1. Scan segment 100-126 residue by residue and report those that are within 16 Å of the ligand (Cβ to nearest atom), open to solvent by 50 Å² or more (accessible area, probe 1.4 Å) and in contact with a helix residue (DSSP H, G or I) (Cβ under 9 Å, 6 or more places away or on another chain).
2. Look through 26, 64 and report the one residue that is in contact (Cβ under 8 Å) with a residue 12 or more places away in the chain, of a type in the set (S, T, N, Q), at negative phi and within 16 Å of the ligand (Cβ to nearest atom).
3. Hey, among 85, 97, which residue is free of Cβ contacts under 8 Å to residues at least 24 places away in the same chain and either crowded, with 21+ Cβ neighbours inside 10 Å or charged (D, E, K, R) (or both)?
4. When segment 200-247 is examined, which residues are found to be in contact with a helix residue (DSSP H, G or I) (Cβ under 6 Å, 6 or more places away or on another chain), open to solvent by 20 Å² or more (accessible area, probe 1.4 Å) and within 14 Å of the ligand (Cβ to nearest atom)?
5. For segment 29-61, which residues satisfy the criterion of being among the hydrophobic types (A, V, I, L, M, F, W, C), open to solvent by 50 Å² or more (accessible area, probe 1.4 Å) and touching a residue at least 40 places away in the same chain (Cβ under 8 Å)?
6. Evaluate the following for residue 150: is it in contact (Cβ under 8 Å) with a residue 24 or more places away in the chain, on the phi < 0 side of the Ramachandran plot and open to solvent by less than 10 Å² (accessible area, probe 1.4 Å)?
7. Considering 185, 170, which residue is touching a helix residue (DSSP H, G or I) at 6+ places or on another chain (Cβ under 7 Å) and buried (at least 16 other Cβ atoms within 10 Å of the Cβ)?
8. What is the residue count in segment 66-80 for residues that are buried (at least 22 other Cβ atoms within 10 Å of the Cβ) and touching a His at 6+ places or on another chain (Cβ under 9 Å)?
Amino acid sequence: MARKPFIAGNWKMNMTADSGKELIAQLKPLVKEAKCNVALCVPAILIPAMVKAAKGSKIKIGAQNVHWAASGAYTGEISCEQLKEYGVKYAIIGHSERRQYFGETDEGVNKRTLAALANDITPIVCVGETLEERENGETEKVLTKQLTDGLNGVEDITKVVIAYEPVWAIGTGKTATDEQAQETIAFIRKKLAKLFDTKSAKKVIIQYGGSMNAKNCKGLMAQPDIDGGLIGGASLKIDFATIVNFDK
Ligand code: PEP
């Protein structure tokens, strides 16, 4: 069965209730005919308002992180139950900014991923190498560790979305070439086949992320192993609709 493309936006710490509602209202008619799955992962405080704004459209609202515990003394964190109350279907986990600025580890990514799966929230697990790691020829080693440790104990890998985001391409305007992205994502799929099984690995949605935009999306999406995009900057603009309609 062919994999259904999945385009997700990551608003990061941007937008307000007003500007978010306005953008979603503009996007709604433009993504109506999209053949792919579409999500916007918005700041937690905007989730209720954006769920309301996106109601009845193709756009599903996601979170940018989720905690593993059901409740408790974890100041600043949000549980699966709290997200589910608003019908949140996706959560980004292990974004490189979380790893870089907030000390997220593969072990934490693993706990968050398992909790999301147990609560029927699709985790979008981010992996990717830094520029230094790529230049040192360590890309495969880094990805292997992130995948092995981050996905430890996952029973059904087809329920996980992987976002391959080379850190050097995020927010920099430097995109991986179509070939670089394809080659690395094919490596990830091969690794998933080893960690899980070939049949399941063939079904996993693997996104590319890193300065994907309205201009370069077609070339990236034409690659055989690239099933979608995790979009930062371009998801804050109407351009997001062009990416969602990459096949038009
Ligand atoms: C991201 O935040 O996941 C991302 C890929 O950002 P940008 O598209 O801005 O590089």
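1. 100
2. 64
3. 85
4. Once the filter is applied, which keeps residues that are in contact with a helix residue (DSSP H, G or I) (Cβ under 6 Å, 6 or more places away or on another chain), open to solvent by 20 Å² or more (accessible area, probe 1.4 Å) and within 14 Å of the ligand (Cβ to nearest atom), segment 200-247 yields 211, 213, 214.
5. Matches in segment 29-61: 30 only.
6. For residue 150, the condition - in contact (Cβ under 8 Å) with a residue 24 or more places away in the chain, on the phi < 0 side of the Ramachandran plot and open to solvent by less than 10 Å² (accessible area, probe 1.4 Å) - is met.
7. 170
8. Residues in segment 66-80 being buried (at least 22 other Cβ atoms within 10 Å of the Cβ) and touching a His at 6+ places or on another chain (Cβ under 9 Å): 1 in total.
The values are calculated or read from the model by the stated rules, or taken from the named source; none is laboratory data. Please read all numbers here as calculations on a predicted model, not as lab measurements. Using ideal geometry, Cβ is built from the backbone for each residue, glycine included, and neighbour counts are taken over all protein chains shown. For accessibility, only protein heavy atoms count, side chains too; no ligands or nucleic acids. Shrake-Rupley method; radii C 1.70, N 1.55, O 1.52, S 1.80 Å.
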